[in-house]
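Notes follow the structure.
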Amino acid sequence: MPKISTILIGGGPCSGKTTGLEWLKKGLEVRGYQLMFVPEAATELINGGVAPWTCRSYDDFQRAVFEMQLGKEAAFVHAAEKMDAEHIVIIFDRGVMDHAAYMTPEGFQQLLEDYHTTREELFAHYDIVFHLVSTAKGLEKMYTLENNSARSETPEQAVDVDDRLITAWKDHPNFTLINNTEIFADKMGTLMREVLSFLGEPDIPKDATVWDASL
């Protein structure tokens, strides 16, 4: 069985997560890693017609996302276990603990009980968790709704969502916060350096260009 490293990339609205995933793909592939990417379930469902405004209740929507996320994660991990590779890196675009940020504490606890799981068991799905902070926190001029059709939060709502997501994940034993920087590439560079450090790679010089494939 190959070594499997599981990395979760999360974040608040308009945090640079999508771009971060793109640069990670390029940066890790050039270093010879075999990669697998588990796409975000919520956006996929919304774009497919399953949304908070089409379900009978918001909790019904969250349950649909939860079920889809669990299934996708299991499928990717099981496939990785059958592959002929020395080391596979699975990168998750968000994860199952996000639901704690979007449901009442009582509703989320009921979800855990219905699926016979715990917070600790869900945390164990991911070796390390990275949270990219929303640009609505301190970089409001960069906050936009234009690059994600499923995003509708105002900057104020985005700050609240970001805070709730941090609360949901902060007790993970390997949680890392990626803060905003005035130069967006610096934020991406921090993410890249942190991921490479986790994988045991030599550090990238701080003045290096993060998207330079020769790094």
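The values are calculated or read from the model by the stated rules, or taken from the named source; none is laboratory data. Predicted model, so just to flag it, every value in this text is computed and none were measured. Heads up, the Cβs are rebuilt from the backbone with ideal geometry, glycines too, and the neighbour counts pull from every protein chain shown. Quick note on the areas: whole protein, heavy atoms, side chains included, nothing else; ligands and nucleic acids left out. Shrake-Rupley method; radii C 1.70, N 1.55, O 1.52, S 1.80 Å.
In this structure, the amide hydrogen of ILE178, modeled 1.01 Å from its nitrogen in the peptide plane, lies closer than 5 angstrom to those of HIS131, LEU132, VAL133, counting only residues at least 5 positions away or on a different chain.
Here the chain is treated with +1 on each Lys and Arg Cβ and -1 on each Asp and Glu Cβ, and its dipole about the Cα centre works out to around 320 debye.
Under 5 Å from the amide H of ILE88 lie the amide H atoms of LYS3, ILE4, SER5, each residue being 5 or more positions distant or on a separate chain, with H modelled from the backbone and absent for Pro and chain starts. Inter-label distance, GLU182 to LEU199: 3.1 nm, where each label sits 7 Å from its Cα along the C-beta direction. The length gained on full extension between LYS3 and GLU81, counted as 0.36 nm times the residue separation minus their Cα-Cα distance, comes to 27.2 nm. Rounded to the nearest 20, the size of the Cβ-charge dipole of region 60-179 about its Cα centre is 260 debye, with Lys and Arg at +1 and Asp and Glu at -1. Considering only TRP53, TRP23, TRP169, the mean-square fluctuation computed in a Gaussian network model of the chain, springs between alpha carbons under 10 angstrom, is largest for TRP53.
Give the calculated FRET efficiency between GLU29 and TYR115 to the nearest 0.05, with a Förster radius of 30 Å applied to their Cβ-Cβ distance. Before the final figure, lay out each step's value.
Working: r = 34 Å, r/R0 = 1.14.
Here the calculated transfer efficiency is 0.30.
Tell me, what % of the accessible area of the chain is carbon and sulfur with a 1.4 angstrom probe?
Working: 5560 of 10750 Å².
Of the solvent-accessible surface of the chain, carbon and sulfur hold 52 percent.
Note on the chain: with a GNM built from Cα contacts shorter than 10 Å, the maximum mean-square fluctuation among GLY95, GLY32, GLY11 falls on GLY32. Which listed residue (LEU112, HIS99, VAL77) has the Cα farthest towards the positive end of the charge dipole for region 72-140, taking +1 on Lys and Arg C-beta and -1 on Asp and Glu C-beta about the Cα centre? The Cα lying farthest towards the positive end belongs to HIS99. Exposed loop sites were defined as GluC sites (Glu not before Pro) in DSSP loop states (anything but H, G, I, E or B) carrying at most 16 other C-beta atoms within 10 Å; in the chain the longest segment without such a site runs 1-85. Just so you know, the Cα atoms of region 1-127 work out to an Rg and Dmax of 15.6, 47 Å.
Can you tell me the relative contact order of the chain? Whole percent, Cα pairs under 8 Å, sequence separation 6 or more. Contact order relative to length: 33 percent.
Which of rounded, prolate, oblate describes region 59-185, given a ≥ b ≥ c as roots of the alpha-carbon gyration tensor eigenvalues and a/c under 1.5 marking rounded, otherwise prolate only if a/b is larger than b/c? Don't jump to the answer; show the numbers that get you there.
Details: a/c = 1.87, a/b = 1.30, b/c = 1.44.
Judged from the Cα gyration tensor, region 59-185 comes out oblate (a/c at least 1.5, b/c at or above a/b).
Rg ratio for the chain: its Cα radius of gyration over 2.2 N^0.38 Å, N being its residue count, equals 1.02. Which value, in Å² and to the nearest 10, is the accessible area of VAL159 when all protein chains are kept and the probe is 1.4 Å? Accessible area, nearest 10 Å²: 40 Å². Towards the positive end of the charge dipole of region 1-81, with charges on Cβ (+1 Lys, Arg; -1 Asp, Glu), say which of ILE7, TRP53, PHE66 has the farthest Cα. Farthest towards the positive end: ILE7.
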